[in-house]
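This report concerns only the one structure given below.
What follows is calculated from the coordinates using simple rules that are stated; it is not laboratory data. Computed from a predicted model, the values in this text were never measured in an experiment. Note: ideal-geometry Cβ built from the backbone for every residue, glycine included; neighbour counts use all protein chains shown.
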Number of protein chains: 2
Amino acid sequence: MVANKKARTNPPYELLYWPGIPGRGEFIRLAFEAAGVSYKDTANESEDGITEVTSLIDASSTGTSGNPPPFAPPALRIPGAGPNDTPLIIYQTPSILSYLGPKLSLAGSNEAEAQWILSHTLTALDLNNEAHDTHHPIAVSKYYEEQKEESLKKAQDFREARIPKFLGFFERVLKGNEEKGQGKYLVGDKLSYADTTLWNVLSGLLFAFPKEMEARKSDYKLLFGIFYDGVKEASGVKEYLASDRRKPFSMGVFRHYPELDRQ
Amino acid sequence: MVANKKARTNPPYELLYWPGIPGRGEFIRLAFEAAGVSYKDTANESEDGITEVTSLIDASSTGTSGNPPPFAPPALRIPGAGPNDTPLIIYQTPSILSYLGPKLSLAGSNEAEAQWILSHTLTALDLNNEAHDTHHPIAVSKYYEEQKEESLKKAQDFREARIPKFLGFFERVLKGNEEKGQGKYLVGDKLSYADTTLWNVLSGLLFAFPKEMEARKSDYKLLFGIFYDGVKEASGVKEYLASDRRKPFSMGVFRHYPELDRQ
């Protein structure tokens, strides 16, 4: 495992995800960056990298080198880590994070913490999915404009019921762990991939629903008073966010449609 | 760990989930039943068991005995497995399954298989969530009747685009693993919690969308020719399905609204 933050050559890990957007690949990027471990972001780093992503999810594939076909990006390829020194390919964001967590020292200090970190990560990703569904409540294959009427309804429920439910929950998690985590960490006394994952979802919500979030922020003292800025300033994360490797939110999971925000 | 199928006394594991419906608790039940490991299903086994579930997710809770508050059921309580011999409580279906998997010998034979099993489980649970959203596309807090118009649109896309996408994917996974799994197992050469999880989702789809599934079944030779009946007849699962511990699908995640099925 390359643990030198400066070493970005021969990365052992390869992220396969769509280029140009943060998307679900961002949760994997943030884990690597927070750990200072180098990785190859194939579709962003090479012209034809996207063909590697599309071939991986080809609708006729039954898998490669003994690996099953991924259902969708992101996927992680680790040369030599599969059976008989073949590349290992795993997919699904929470599965990739649970695999990387202990290897990147982002999965807590014991089995209980590791499990809570995975649980909170899944909850943050549920919030991520619900945010996506505000602009695609009927069909992912159709344009937003084709489901705008339903989006207005879905977004209202999301803003009024779901955002406070999720934010209230994470505030309570931080409170319950305050003695160890001091409001900076969801679990234990150090950064985990649950923290970087929740941070990215909050960051996306601030982009997509700026008025709603501004109106609610002060209800969550630990979440927005300590946690959010703490992760943003964390070693590795801070440098990453200032780099051109961090892609801006645009038309991916998080989209800023003013009509879906608080009026 | 109690490995005797007959021993249902002093179970080390306690499932905390809503009573009377399969729901998301069913994925956990099936894992225990397939492994022949006893567990306490609190809300189904005692009159006031449901208060244990509701107190666990109380909206003001910051957790108990050093555990974080669960966001929602199911949760798993394991006496003595937490820090300082306190009970360990974990939540989120995939997190509970990834914890139990190795302990119940349902997580494959090596790290790669364990990871694929978690990945496929997450994908099957995504399908489960999409099935739920066909009758609740706008708001979980509202009745189906209040979002029926949107449900008709969502269900059409689910039937025409999503069902074939997911079933086609799992057929390819079985095909890619056919040498080892013989169409019976998604990963490797023995039953895993990915198999029981996918099986329950398929079972739910057959209940909720009987016409759609009947029309499509023959497209998936391994999935419905071998896999589905194989899991249903597996040791432990078969006995469970014949018992009164298996609750019928009714008005939970999977619901049979004839108007949402193929016409």
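What's the center-to-center distance, using Cα atoms, between the range A:153-196 and the range A:26-75 in Å?
29
Rounded to the nearest 0.05, what FRET efficiency do B:Asn84 and B:His256 have when you use their Cβ-Cβ distance and R0 = 51 Å?
Details: r = 48 Å, r/R0 = 0.93.
My answer for the efficiency is 0.60.
What are the residues whose amide H is under 5 Å from the amide H of B:Asp189, where those residues sit 5 or more places off or on another chain and H is modelled from the backbone?
Correct list: empty.
Among DSSP beta bridges lying fully in the range A:13-153, give the percent that are antiparallel, nearest 5. Numbers along the way, then the final one.
Working: 7 of 10 bridges.
Beta bridges within the range A:13-153, antiparallel portion: roughly 70 percent.
Tell me, what HN-Hα J-couplings in whole Hz come from the Karplus equation 6.51 cos²θ - 1.76 cosθ + 1.60 at θ = phi - 60° for each residue of the range A:116-126, using x for Gly and Pro?
Taking θ as phi minus 60°, the curve returns 5, 4, 5, 4, 5, 4, 4, 5, 4, 6, 5 Hz for the range A:116-126.
Whose amide H sits under 5 Å from the amide H of A:Lys40, counting only residues 5 or more places off or on another chain, with H placed in the peptide plane?
Amide H neighbours of A:Lys40, under 5 Å, 5+ apart: A:Tyr13, A:Glu14, A:Leu15.
Net charge near B:Glu113: determine it from the other residues with C-beta under 11 Å of the C-beta of B:Glu113, scoring Lys and Arg +1 and Asp and Glu -1. Let's see the in-between values first.
Details: positive: B:Lys180, B:Lys190; negative: B:Glu111, B:Asp189.
Net charge around B:Glu113: 0.
Based on the Cβ-Cβ distance of A:Glu179 and B:Glu52, what FRET efficiency does E = 1/(1 + (r/R0)^6) give at R0 = 22 Å, to the nearest 0.05? Provide the component values of the computation, followed by the final result.
Numbers: r = 26 Å, r/R0 = 1.17.
For R0 = 22 Å, the calculated efficiency reads 0.30.
Whole-Hz ³J(HN,Hα) for each residue in the range A:33-43, computed from phi via Karplus 6.51 cos²θ - 1.76 cosθ + 1.60 with θ = phi - 60°, x for glycine and proline: what do you get?
Whole-Hz 3J(HN,Hα) from phi for the range A:33-43: 5, 5, 8, x, 10, 6, 8, 9, 9, 3, 6.
Roughly what % of DSSP beta bridges within chain A run antiparallel, to the nearest 5? Walk me through the numbers before you get to the answer.
Details: 7 of 10 bridges.
Around 70 percent antiparallel, to the nearest 5.
Ranked highest first by the average count of other Cβ atoms within 10 Å around their residues, in what order do A:148-155, B:255-262 fall? Mind dumping the intermediate values first?
On the way: A:148-155: 19.4, B:255-262: 15.5.
So the order, starting with the most tightly packed, is A:148-155, B:255-262.
May I ask you to compute the full-extension gain from A:Leu241 to A:Glu146, defined as 0.36 nm times their residue separation minus their alpha-carbon distance, rounded to one decimal in nm? Walk me through the intermediate numbers first.
Values: separation 95, 0.36 × 95 = 34.20 nm, distance 3.40 nm.
Gain on extension, A:Leu241 to A:Glu146, equals 30.8 nm.
Report, for B:Glu45, each distance to the same residue's label point in the other copies, shortest first and in nm; define the point 7 Å along Cα→Cβ.
Listed shortest first, these distances are 5.1 nm.
Report, in deg cm²/dmol and to the nearest 500, the calculated mean residue ellipticity at 222 nm for chain B, where each DSSP H run with n ≥ 4 adds -39500 (n - 2.57) and the sum is divided by the residue count.
Details: 12 runs with 119 residues, N = 263.
Result for chain B, helices only: -13000 deg cm²/dmol.
Could you line up A:Thr86, A:Thr64, A:Thr42, A:Thr93 from fewest to most neighbouring Cβ atoms inside 10 Å?
A:Thr86, A:Thr64, A:Thr42, A:Thr93
Based on Cβ point charges of +1 for Lys and Arg and -1 for Asp and Glu, what charge dipole magnitude is obtained for chain B about its Cα centre, in debye rounded to the nearest 20? Could the numbers behind the result be given before it?
Details: 31 positive and 35 negative charges, 115 e Å.
Roughly 560 debye, rounded to the nearest 20.
Test of understanding: ordering B:Phe254, A:Phe207 by Cβ neighbours within 10 Å, fewest first, what list do you get?
Working: B:Phe254 25, A:Phe207 16.
By the 10 Å Cβ count, ascending: A:Phe207, B:Phe254.
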